[in-house]
Amino acid sequence: MANLGNKDFYFEIAANEIQGKLVPIRIFINGEIIGTLDSPTYMPSFINCLISLLKDPYYYRQNLNEEEFFNNLKRSLDTDDNFRITFEETFDDYVKRAGRNDNKVFFLWYIHKNHFFKYSESELDSINLQSVAMDDVRKAVNALIEWCENYMCISYEVV
């Protein structure tokens, strides 16, 4: 296993299971897991999604704070497209939202009732609401980009 990032935000990669540009990967946010290692993720799309999260105006609100993000999205998860993020098909078992301000990235996710992969009971019964420093996310994404350049010959500009 390869872990890229720090204890607050990192990617866990099953490095021995790489199939071309498909990599089993999941994300740890403040100790909470999103994703599965049971299926590989297409890395070019995954990385582009992460870069978009950090750069695209769609995810940015200058005055966004935890209370606003969590309360507004929790009420409208199934009906509102605001802050929707894909991460790639391996993460399709999850309803996911992400947003950012100048200092933090906010995440909200839970597992669909009709999920494909197996998850623990605690994962199935929870809505995860997490925030993490923007610098931690940026550093982890840049470490993932570097890892992909070294192991998969995929090149991206660091964020």
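The C-alpha atoms of the chain occupy a region whose extents along the principal axes are 41, 35, 25 Å, arranged from largest to smallest. Residues whose amide H lies under 5 Å from that of residue 94, counting only those 5 or more places away or on a different chain, are 112; hydrogens are built 1.01 Å from N in the peptide plane. Taking amide H as placed 1.01 Å from N in the peptide plane, the amide H of residue 126 sits under 5 Å from that of 111, each at least 5 places away or on another chain.
Couplings 3J(HN,Hα) for the range 32-46, derived from phi with the Karplus relation 6.51 cos²θ - 1.76 cosθ + 1.60 (θ = phi - 60°), are 8, 9, 10, x, 9, 8, 6, 8, x, 10, 6, 5, x, 5, 4 Hz, where x marks Gly and Pro. Dipole check for the chain: with +1 at the C-beta of Lys and Arg, -1 at the C-beta of Asp and Glu, and the Cα centre as origin, the magnitude is about 200 Debye. Each Cα pair under 8 Å and six or more residues apart adds its separation to the average, and for the chain the resulting relative contact order is 22 percent. Go through 51, 112, 148 and say which Cα lies farthest out towards the positive end of the charge dipole of the range 2-152; charges sit on Cβ, +1 for Lys and Arg, -1 for Asp and Glu. Sorting the options by dipole projection puts first 51.
Estimated from the Cβ-Cβ distance and a Förster radius of 35 angstrom, the FRET efficiency linking residue 52 and residue 124 is about 0.80. Across the range 1-60, C-alpha contacts under 8 Å between residues 6 or more apart give a mean separation that, scaled by the residue count, equals a relative contact order of 23 percent. Taking amide hydrogens as placed 1.01 Å from N in the peptide plane, the amide H of residue 32 sits under 5 Å from that of no residue at least 5 positions away in sequence or on another chain.
In whole angstrom, note down how far apart the Cα centers of the range 126-159 and the range 28-71 are. Cα centres, the range 126-159 to the range 28-71: 10 Å.
FYI, it's all coordinate maths here, none of it is from the lab. All values reported here derive from a predicted model rather than from experimental measurement. Heads up, the Cβs are rebuilt from the backbone with ideal geometry, glycines too, and the neighbour counts pull from every protein chain shown.
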